[in-house]
Amino acid sequence: MLLLPLLLALAAFKPAERPVAGPDIPADIQALLDKHGCAACHAMNRKLVGPAWPDIAAKKYSAKRIAQLVAKPEPSNWPGYVPMAAQKVPKADMNKIADWLTKLK
Ligand code: HEC
């Protein structure tokens, strides 16, 4: 009867699934990232298909430039990544996402 506690202990050690969205993304922004599919490839805390949000923010783009790069990606900015396909995001939503990124540290 030593086996059951052992199995339970092992089950408890199953690594928790890491959230794709970091805790630091405001709910309204997260909703936009989900709605437009960005969250599938970008996360707060790690590289997915695309660079982590803080890594993009570290490039210190203006909001206007971010909107440009999303509409017309320049993969040469990110060697080692697959190229991002151009994303169609309505202007109002894109402005909110871009504005958030410029303020991200
Ligand atoms: C299928 C995966 C995928 C999706 C979906 C995606 N991205 Fe990306 N993104 C990437 C990859 C890969 C890169 C780096 C290579 C590149 O820029 O082409 C990137 C780069 C970026 C960059 C940096 C551009 C630069 O030139 O520095 C921004 C900003 C960005 N993505 C924003 C977004 C936003 C906003 C959305 C949602 C509307 C989005 N991405 C959706 C994969 C994705």
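Here is the figure for the range 56-100: residues that are of a type in the set (Asp, Glu), within 22 Å of residue 28 (Cβ to Cβ) and either surrounded by 15 or more Cβ atoms within 10 Å (Cβ to Cβ) or within 9 Å of the ligand (Cβ to nearest atom) (or both) total 1. For the range 32-39, the criterion of being touching a Phe, Trp or Tyr at 6+ places or on another chain (Cβ under 8 Å) and either at negative phi or assigned to a loop (DSSP other than H, G, I, E, B) (or both) is satisfied by no residue at all.
Could you list, in sequence order, all residues of the range 83-103 that are among the hydrophobic types (A, V, I, L, M, F, W, C), in a helix (DSSP H, G or I) and under 15 Å from the mean Cα position of the chain (by Cα)? Step through it out loud before you land on a result.
As a first pass, look at the range 83-103 and keep what is among the hydrophobic types (A, V, I, L, M, F, W, C): 84-86, 89, 92, 94, 97-98, 100-101.
From what is left, the residues that are in a helix (DSSP H, G or I) are 92, 94, 97-98, 100-101.
Hits for the range 83-103 are 94, 97, 98, 100, 101.
Pairing residues of the range 26-48 that are in contact (Cβ under 8 Å) with a residue 40 or more places away in the chain with residues that are small (Gly, Ala, Ser) and in a loop (DSSP other than H, G, I, E, B), at Cβ distances under 9 Å and at least 6 apart in sequence or on separate chains, gives 33/21; 38/50; 41/50.
The numbers here are math on the coordinates, done by the rules we state, and not lab data. All of these numbers come straight from a predicted model, not from anything done at the bench. Ideal geometry is used to build each Cβ from the backbone, glycine not excepted, and the neighbour counts take in all protein chains shown.
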